[in-house]
1. Exactly one condition in (1) within 14 Å of chain A (Cβ to nearest Cβ); (2) modelled with pLDDT under 95 is false for B:Ala164; which is it?
2. For region B:12-32, which residues satisfy the criterion of being in a helix (DSSP H, G or I) and at pLDDT below 75?
3. With farther than 23 Å from B:Val97 by Cβ and either free of Cβ contacts under 8 Å to residues at least 12 places away in the same chain or in contact with a Gly (Cβ under 9 Å, 6 or more places away or on another chain) (or both) as the only criterion, which of A:Met146, A:Met75 stands out?
4. Is at least one residue of region A:181-189 surrounded by 20 or more Cβ atoms within 10 Å (Cβ to Cβ) and within 27 Å of A:Leu49 (Cβ to Cβ)?
5. Checking B:Val94 against (1) assigned to a helix (DSSP H, G or I); (2) buried (at least 22 other Cβ atoms within 10 Å of the Cβ), which single condition isn't satisfied?
6. Considering only residues that are under 28 Å from the mean Cα position of the chain (by Cα), more than 25 Å from B:Asp13 (Cβ to Cβ) and either surrounded by fewer than 16 Cβ atoms within 10 Å (Cβ to Cβ) or within 14 Å of chain B (Cβ to nearest Cβ) (or both), which ones fall in region A:141-150?
7. Got a number for residues in region A:94-135 being facing another protein chain (nearest Cβ under 9 Å), assigned to a helix (DSSP H, G or I), aliphatic (A, V, I, L, M) and buried (at least 19 other Cβ atoms within 10 Å of the Cβ)?
Amino acid sequence: MTQSSPTTVKQDTQVVARGTDPQPMALSVTDVKKSYGSGFSLGPVTFDLPMGYIMGLIGPNGAGKSTLIKLILNMIHRDAGSISVLGLDNRADEVKVKEQLGVVFDTSYFSTYWTVKMAGQVTATMYDTWNQALFEQYLDRFGLEMKKVVKDLSRGMQMKLMIAAALSHGAKLLILDEPTSGLDVLARDELMDILQRYVEDGQHSVLFSTHITSDLERAADFITYITQGQLYYTGPKDEFEDSFRVVKGSLDQAAGIEPYVVGLRRFSTGFEALVHREVVDKIIGETPELMSEPVSIDDIIRLTNVAKAFPDANEE
Amino acid sequence: MDSKQINKAFRIDIYKILAWSSGKGIGSGSVLLLVGLPLLFAIVARIGGNDGITGPMSGGITGLLVAVSGMMGIMVFSYEDQTGTAKLNGPLPVSRVNQVVGRYAFTLLAIVIAALLQVICGLVIYMPHSMGAVAGLAVTVLAVGTIYASLTLPIGYRFPATKAMGYALLLLVALGAIMVLIGFTMPESTLNRVVHFVTTAKLGPFPWIAIIGIIVAVVMFVLSCRLSMHIYERKEL
């Protein structure tokens, strides 16, 4: 599989957001690299999440999203670069940083033997700023009973319990790794509502990784897209979608557009190709029979992870 | 080191073991058995009332208390592995150094409780005679339990939980085998002289064998804690 050239958009370290006052960064990741003996390497990755916004971290399985989240949490050690959370170094000021983070992983970190009440007690032990009343409000809202044992909760309910705990200690930045996996569509909508309300005051931010791009369409302000360990894009969500187009046509028309293709998928009846928006007019000008359409985030992920040319392996 | 952070890590380890020992984990019946078994041995030894029963029962109680309390720290690793709570150590606002100290403090608490249980068992067996033996056995649990924990805790930080538990059990069996081997190979008269020396030797008013035992245990515990910190600081969670 051939990887197309990444388009990297690095945000300024201070951006003008929601008004004219420069906003501080909730999270700044600069030239971070991490390599494993297995051959997988991440980075260099650079992106900024301004305070008061939601950023979606996207990419296919094995792209390095969870590795990046673990690096931010200092659960694994970076080989190079720097990470600043709420203006603090994530290693030198690790404890101060973690006191202000709410974290949700893709699987429950609460013991399967604990009750919901005990999970709350443990989280209250962890954070001095714990708000028991708020926690109980979230439990009511999510339909979680205090006496229920974690192992008897469905995966979706376990996620809700972690979300309730993450939201109940005054965290300034939420870091969520696949928080919507296992949640039904109503619960996902509810979570997106909660996240949007959470950032409304401009003092809170969210970084969440997901495979479910409809969640991003609804809630994310920024997107960071990683594929095969490399940063492909970081920046405003709308610009991400606007910077590409899908061009469709019959197989005999494909050869002419190959130089412009970022990713291409061939079918028995024709092809669809991802191209940068700025070359669309030129392509259509040369071959007016081709059709150009706006892209979804799913289209971009799908077509940036296939070959540019027409190998048989790409055939559906 | 930060006492507030250590306290957080310590309390979370207690939550982990409490939940494990509750009805949702191994069950409170198993815990009662674990605590009740030494007491049962002590009562049997008391009723038996002769050296043929008292000696083996007393040795069994001490061995059991040393093994269970010394393994309590490494059992937390096993518990974390079984329940997925190891991930909780990632976002926990406690530095890795303080997480290690918290776990060592938790293990030490388990050993102190075992030593107190040994005192109760000793009183049941020996009261009102041989009160020196009661104190001696309690110090033995304290010192040997601490030494055993000092050897096993770094293994818990270095290896995956299942492997670490295997190594800890292997170490326990090896230590037990050495004791049995000494018992079998040493002539009885020599063995009796050694036991008499260890249990009665005093330098002036001080039970110096006990003092040396405690000092060795403390030094090993501190060195072990430093080693665990070194390992855990570099570990990828």
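The values are calculated or read from the model by the stated rules, or taken from the named source; none is laboratory data. Keep in mind the model is a prediction, meaning the values are calculated, not measured. Cβ: placed from backbone, ideal geometry, glycine included. Neighbour counts: every protein chain shown.
1. (1)
2. Residues satisfying the conditions are B:Ala19, B:Trp20, B:Ser28, B:Gly29, B:Ser30, B:Val31, B:Leu32.
3. A:Met146
4. Yes, the conditions are met somewhere in region A:181-189.
5. Looking at each condition in turn, B:Val94 falls short on (1).
6. Passing the criteria: A:Arg141, A:Gly143.
7. 4
Table: residues versus (1) crowded, with 21+ Cβ neighbours inside 10 Å; (2) in a loop (DSSP other than H, G, I, E, B); (3) away from every other protein chain (no Cβ under 14 Å).
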{"residue": "B:Gln82", "(1), (2), (3)": "no, no, no"}
{"residue": "B:Ala86", "(1), (2), (3)": "no, no, no"}
{"residue": "B:Asn98", "(1), (2), (3)": "yes, no, no"}
{"residue": "B:Val112", "(1), (2), (3)": "no, no, yes"}
{"residue": "B:Gln118", "(1), (2), (3)": "yes, no, yes"}
{"residue": "B:Cys121", "(1), (2), (3)": "yes, no, yes"}
{"residue": "B:Ala135", "(1), (2), (3)": "no, no, yes"}
{"residue": "B:Tyr148", "(1), (2), (3)": "yes, no, yes"}
